[in-house]
């Protein structure tokens, strides 16, 4: 991640493919449940998140925006700063070559319980923290959720 930050190109640009670019994730929690989305392109359950836009002031702001865009769930400030970091491969698609996402995730307390599923996700739902492993076996998600439970 430090090498990516040192690149002369914009490491937050979704057009930066070698080695990849930064993305964000948002773990919104309410009453012992966490918001999860079924990602349309990847076909797996993950935390809401996505690309950093040039208008985002911080990575935390980008994560909160992505959460709201994908699920309609609003949050306040993050709890405890960065929750987790992960580097994962993204397959070629949508005119993009295979690349990596250098993902930075944040923990938020939900201030709304609304769910409005965006086109880029197949489904969104509140999942009890202790039941996330029944929905996904993604190592990064399970690691972050274990931090929420701890």
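The values are calculated or read from the model by the stated rules, or taken from the named source; none is laboratory data. Keep in mind that this is a model prediction, so the values were computed, not measured. Cβ sites come from the backbone with ideal geometry, for glycine too, and all protein chains shown count toward neighbours.
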Picking from 122, 148, the residue that is in contact (Cβ under 8 Å) with a residue 40 or more places away in the chain and out of contact with any helix residue (DSSP H, G or I) (no Cβ under 8 Å at 6 or more places or on another chain) would be 122
Give the number of residues within segment 107-117 that are at pLDDT 90 or above and farther than 22 Å from residue 143 by Cβ. 4
How many residues does segment 62-118 contain that are part of a loop (DSSP other than H, G, I, E, B), without any contact (Cβ under 8 Å) to a residue 40 or more places away in the chain and surrounded by 15 or more Cβ atoms within 10 Å (Cβ to Cβ)? 0
When segment 134-145 is checked residue by residue, the ones that are surrounded by 12 or more Cβ atoms within 10 Å (Cβ to Cβ) and without any contact (Cβ under 8 Å) to a residue 12 or more places away in the chain are 142
Is it the case that residue 29 is surrounded by fewer than 23 Cβ atoms within 10 Å (Cβ to Cβ), under 14 Å from the mean Cα position of the chain (by Cα) and over 20 Å from residue 94 (Cα atoms)? yes
Out of the residues in segment 37-52 meeting the condition of being in contact with a helix residue (DSSP H, G or I) (Cβ under 7 Å, 6 or more places away or on another chain) and part of a strand (DSSP E or B), tell me which one is nearest to residue 118 (Cα to Cα). 37
